[in-house]
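Novice: Supplied in structure tokens, the structure appears directly below.
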Amino acid sequence: MKAHCILLITIFLTFSLSAQTISGVVNDYTALSASGNAGCSSFVTAASVTDFSVGDLVLVIQMQGAIISETDDANFGTITDGGSAGYFDRMEIDQIVGNDVYFTSGLTHLYDFTDGSVQMVRIFVGTNITVSGNITASPWDGTTGGVVAVEATGSITLNADIDVSEQGFRGGGVYPYGISCNAISNYGSFFYGTNGEGGGKGEGVTKFIAGKETGKGPQANGGGGGNDHNAGGGGGGNQSAGGDGGRNQEPSFFGCKGNHPGLGGYSINDTNRLIMGGGGGAGHRNNNVSGIGGDGGGIIYVSTPTLSGNGFSLISNGEDGGTVNGDGGGGGGGAGSIHLTVSTLTALNITSEGGNGGDTGNSSSNRCFGPGGGGAGGALFTAYSGGGLTISLSPGMNGVVTTSTNGCNGSSNGATQGQAGVQDNLPNLGSYSPHPIGFIR
């Protein structure tokens with residue numbers, strides 16, 4: 001196997017054409033299970049190499065793998081070790097032997113191929129690229145997806161949007177109701193199993209823990225699920241935090257209490273990590289099934305000297321939490337992350353907004369069930385500081401009570417909106433320059 005120990009400067013010409021027109025899903029994805037070194041280069045073992053070729057530029061990116069506190073207290077879900085979650089390398093494929101993919105240089109990070117959901121994404125590379133119809137990603141499925149990556153050596157012209165909304169970490173699900181509540185019930189644990197004491201936690205940069213998939217504690221940046229009885233789910237986070245869900249206000253002494261809504265997903269608070277928006281937590285249910293958490297936004301990676309936006313957008317919004325009549329509302333999904341390397345641009349919109357928390361109501365009861373919390377605004381990483389760029393990293397709003405016979409209509413019952421998103425400058429990139437091979441961010 002050849003070892004490459006000198007810097008290679010390569011001009012990439014896709015399809016030997018000067019211009020490409022693209023739309024739809026333009027990237028390919030495969031899961032990675034191992035890595036190794038070969039001289040000064042590295043290799044990875046891919047689940048499939050069918051869509052990859054020698055000379056391709058790819059992102060090796062770890063989606064999960066952070067470690068959280070698992071104790072049943074207020075620390076549940078806090079990140080104790082971020083691992084390599086959110087780190088990536090931009091690599092060039094040198095050779096493919098079986099399912100082993102060799103690169104022209106070494107990986108700059110140690111990735112967790114056992115529990116980190118590491119994937120390889122083929123970057124769409126062209127000279128002068130025109131986006132003729134909406135570009136999107138394959139949705140995150142727990143192993144791959146959720147990322148759009150496009151590079152041009154000349155220019156990118158948008159005649160449509162690049163949109164990865166609702167393609168990030170997945171919102172919490174609802175589980176069959178299996179608890180008999182009463183006047184002294186007070187389900188306050190930060191986690192439960194899957195037998196109905198809590199709504200499902202939203203997905204985040206940590207994989208779910210068996211027996212702790214539900215309940216009010218956040219799953220890192222994934223929102224917590226509302227606890228029994230009928231509390232709302234928390235919103236998903238990103239670099240900032242999601243909002244808390246709302247309580248179920250039970251007027252009857254003998255009724256089921258709902259004082260423990262899902263907590264908002266934690267902020268990652270580390271701008272060296274490029275992550276997807278956390279899923280919103282589900283509201284607790286015992287009647288209906290629609291109070292699910294919203295999915296988070298995905299990742300957009302765009303690199304080009306010149307970008308003509310024409311009023312179109314790069315979008316990575318979180319999904320609204322599920323609205324429900326008779327149970328807890330779902331938390332909104334956290335917005336995703338956008339990584340933009342450009343020297344000159346015109347008329348471009350950046351939109352990475354958190355999903356709204358789900359509303360809740362009960363027109364046949366005097367209860368005030370818990371609405372969902374709002375998702376956090378997204379993250380924008382760019383060194384560009386000129387004109388022509390409109391940015392919205394707004395948080396999702398909390399849900400409210402929409403129908404009730406006891407006069408609490410319009411109340412949040414303690415549900416809160418998410419936090420606003422974060423913008424951060426890319427290091428050492430004052431103007432356009434492609435990430436060097438092996439560059440970590």
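The values are calculated or read from the model by the stated rules, or taken from the named source; none is laboratory data. Keep in mind it's a predicted model, so treat the numbers as computed, not measured. Don't worry about glycine lacking a Cβ; one is built from the backbone with ideal geometry, like all the others, and counts go over all protein chains shown.
Novice: State the number of residues belonging to the range 113-145 that are part of a strand (DSSP E or B) and small (Gly, Ala, Ser). Write out each step before concluding.
Specialist: The initial filter retains those residues of the range 113-145 that are part of a strand (DSSP E or B), namely 118-122, 124-136.
Then keep just the ones that are small (Gly, Ala, Ser); that gives 126, 132-133.
Here the count works out to 3.
Novice: Identify, please: which residue in the range 23-50 is part of a strand (DSSP E or B), surrounded by 13 or more Cβ atoms within 10 Å (Cβ to Cβ) and out of contact with any Ser or Thr (no Cβ under 7 Å at 6 or more places or on another chain) and is, among those, modelled with the highest pLDDT?
Specialist: It comes out as Asp28.
Novice: Please specify each residue of the range 146-170 satisfying the condition of being part of a loop (DSSP other than H, G, I, E, B), crowded, with 18+ Cβ neighbours inside 10 Å and over 11 Å from the mean Cα position of the chain (by Cα).
Specialist: We begin by selecting, within the range 146-170, every residue part of a loop (DSSP other than H, G, I, E, B); these are 146, 159-161, 164-170.
From what's left, crowded, with 18+ Cβ neighbours inside 10 Å: 146, 161, 164-170.
Answer for the range 146-170, where residues must be part of a loop (DSSP other than H, G, I, E, B), crowded, with 18+ Cβ neighbours inside 10 Å and over 11 Å from the mean Cα position of the chain (by Cα): just Asp161.
Novice: Have a look at Asp163, Asp115 and point out the one that is in contact with a Lys or Arg (Cβ under 9 Å, 6 or more places away or on another chain) and acidic (Asp, Glu).
Specialist: Residue meeting the stated conditions: Asp115.
Novice: Which residue pairs have Cβ atoms under 8 Å apart, sit 6 or more places apart or on different chains, and have a first residue in the range 402-426 that is farther than 12 Å from Gly245 by Cβ and a second that is surrounded by fewer than 19 Cβ atoms within 10 Å (Cβ to Cβ) and modelled with pLDDT of 95 or more?
Specialist: Note: pairs meeting the criteria are Gln423/Ile391.
Novice: While we're looking at this one, here's another question. For the range 314-340, enumerate the residues that are modelled with pLDDT of 95 or more, surrounded by fewer than 24 Cβ atoms within 10 Å (Cβ to Cβ) and farther than 20 Å from Thr351 by Cβ.
Specialist: Scanning the range 314-340 gives a single hit, Thr323.
Novice: Let me confirm something: among Gly311, Gly297, Gly232, which residue is out of contact with any helix residue (DSSP H, G or I) (no Cβ under 8 Å at 6 or more places or on another chain), closer than 15 Å to Met397 by Cα, in a loop (DSSP other than H, G, I, E, B) and at pLDDT 95 or above?
Specialist: When all the criteria are applied, what remains is Gly232.
Novice: Which one is nearest to Thr136 (Cα to Cα) among residues in the range 25-51 that are among the aliphatic types (A, V, I, L, M) and within 19 Å of the chain's Cα centre (by Cα)?
Specialist: Step one: list which residues in the range 25-51 are among the aliphatic types (A, V, I, L, M), which gives 25-26, 31-32, 34, 38, 44, 46-47, 49.
Within this subset, residues satisfying the condition of being within 19 Å of the chain's Cα centre (by Cα) are 25, 31.
Working: Val25: 5, Ala31: 19 Å.
Of everything passing the filter in the range 25-51, Val25 is nearest to Thr136 (Cα to Cα).
Novice: So for the range 236-255 (the condition being among the charged types (D, E, K, R) and touching a Ser or Thr at 6+ places or on another chain (Cβ under 8 Å)), does at least one residue qualify?
Specialist: yes
Novice: Name every residue in the range 51-67 that is in contact with an Asp or Glu (Cβ under 9 Å, 6 or more places away or on another chain) and either in a strand (DSSP E or B) or under 30 Å from Ser132 (Cα atoms) (or both), in order of residue number.
Specialist: Residues of the range 51-67 in contact with an Asp or Glu (Cβ under 9 Å, 6 or more places away or on another chain): 51-52, 54-62, 64-67.
Result: Asp51, Phe52, Val54, Gly55, Asp56, Leu57, Val58, Leu59, Val60, Ile61, Gln62, Ile67.
Novice: What residue, among those in the range 398-415 that are out of contact with any Ser or Thr (no Cβ under 6 Å at 6 or more places or on another chain) and crowded, with 23+ Cβ neighbours inside 10 Å, is nearest to Leu263 (Cα to Cα)?
Specialist: Within the range 398-415, the subset out of contact with any Ser or Thr (no Cβ under 6 Å at 6 or more places or on another chain) is 399, 402, 404-415.
Retained after the next criterion (residues that are crowded, with 23+ Cβ neighbours inside 10 Å): 399, 412-413, 415.
Values: Gly399: 14, Ser412: 14, Asn413: 14, Ala415: 9 Å.
If we take residues in the range 398-415 being out of contact with any Ser or Thr (no Cβ under 6 Å at 6 or more places or on another chain) and crowded, with 23+ Cβ neighbours inside 10 Å, then Ala415 is nearest to Leu263 (Cα to Cα).
Here is a yes/no grid of residues against (1) hydrophobic (A, V, I, L, M, F, W, C); (2) within 23 Å of Gln249 (Cα to Cα); (3) touching a Cys at 6+ places or on another chain (Cβ under 8 Å):
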site	(1), (2), (3)
Gly154	no, no, no
Asp163	no, no, no
Gly171	no, no, no
Asn186	no, yes, no
Ser189	no, yes, no
Glu197	no, yes, no
Gly217	no, yes, no
Ala220	yes, no, no
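Novice: Also, I was wondering about something else. So which of Gly414, Gly387, Gly410 is over 20 Å from Ile275 (Cα atoms), at pLDDT 95 or above, out of contact with any Pro (no Cβ under 8 Å at 6 or more places or on another chain) and assigned to a loop (DSSP other than H, G, I, E, B)?
Specialist: Working: Gly414 fails: out of contact with any Pro (no Cβ under 8 Å at 6 or more places or on another chain); Gly410 fails: at pLDDT 95 or above.
Being over 20 Å from Ile275 (Cα atoms), at pLDDT 95 or above, out of contact with any Pro (no Cβ under 8 Å at 6 or more places or on another chain) and assigned to a loop (DSSP other than H, G, I, E, B) holds for just one of Gly414, Gly387, Gly410, which is Gly387.
Novice: Search the range 210-238 for residues being surrounded by fewer than 24 Cβ atoms within 10 Å (Cβ to Cβ) and in contact with a strand residue (DSSP E or B) (Cβ under 8 Å, 6 or more places away or on another chain), and hand back the single one that is farthest from Gly281 (Cα to Cα).
Specialist: So the residue we want is Lys212.
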